[in-house]
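FYI, it's all coordinate maths here, none of it is from the lab. Bear in mind that the values here come from a model prediction, so they are computed numbers and not experimental data. As a convention, Cβ positions derive from the backbone with ideal geometry for all residues, glycine included, and neighbour counts pool all protein chains shown.
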Amino acid sequence: MFFQVFGHILKEKAGEKGVKQLRLYLETTVFNYYFDTEREFHADTVRLFDAIAAGDYEAYTSEYVTVELQQAPEPKRSDMLGLIERFHIRTLSFDAESARLANRYISSGVIPERFRFDASHIASATTNGLDCVVSFNFQHINKLKTKRMTEIINLEEGYRPVIICTPMEVFD
């Protein structure tokens, strides 16, 4: 299913004048992995940011992410927030439509209420027409149940599915 949807997006983009860049939503964990040099996928995360800097991808995040990053201790907090400016990552605002869609994910049992921001990340990317949510959150976001259920709900709500993946999958 992942590659069917992903392939559809690439074909859709290629059919336009020139191939457009994938529009990526960077979830909170990606900013953390950038600075955590001991993590297994640190190098892949840095590679993704380098590709964003090179103009290979359009990068987005949201106010949901900045609120979560604000909770980190210094100096990591400033370092992670600084990535947004350094790599010219666009920040999406809180909005009613994303909140409504996040509520639908929660009421459908996709993501527990106490992890509302996880639902909000996916909803924000979806309502803003982004291609992928890039995340290392394997507990609530980047897991099969979430991928399948958000795809179904998005289609029921009139949105196209958003791909949930890791930085490594962006390059595959």
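Provide the gained length on full extension for the span Phe87 to Val46, in nm with one decimal, where the gain is 0.36 nm per separating residue minus the Cα-Cα distance.
Separation in residues times 0.36 nm, less the Cα-Cα distance, equals 13.6 nm.
Report the local net charge at Ser135: Lys and Arg +1, Asp and Glu -1, summed over other residues whose C-beta lies under 9 Å from its C-beta.
With Lys, Arg at +1 and Asp, Glu at -1, the net is -2.
Please list, or write none, the aspartates and glutamates whose alpha carbon is within less than 17 Å of the alpha carbon of Lys76, excluding same-chain residues fewer than 8 places away.
Glu27, Asp36, Glu38, Glu68, Glu85
Can you tell me which of 120-131, 77-88, 99-110, 159-170 comes out highest on packing, and rank the rest after it, using the mean Cβ neighbours within 10 Å?
120-131, 159-170, 99-110, 77-88
Provide the gained length on full extension for the span Phe171 to Glu157, in nm with one decimal, where the gain is 0.36 nm per separating residue minus the Cα-Cα distance.
This chain segment gains 2.1 nm when fully extended.
Taking just the alpha carbons, could you work out the radius of gyration and Dmax for the chain, both in angstroms?
Values for the chain (Cα only, Rg and Dmax): 15.3, 46 Å.
Please report Rg over Rh for the stretch 97-172, where both radii come from the alpha carbon positions and Rh follows the Kirkwood definition.
Across the stretch 97-172, the Cα-based Rg/Rh ratio is 0.93.
Run the helix sum for the chain: -39,500 (n - 2.57) per DSSP H stretch of 4+ residues, divided by residue count, reported at 222 nm to the nearest 500 deg cm²/dmol.
Only helices count here, giving -16000 deg cm²/dmol.
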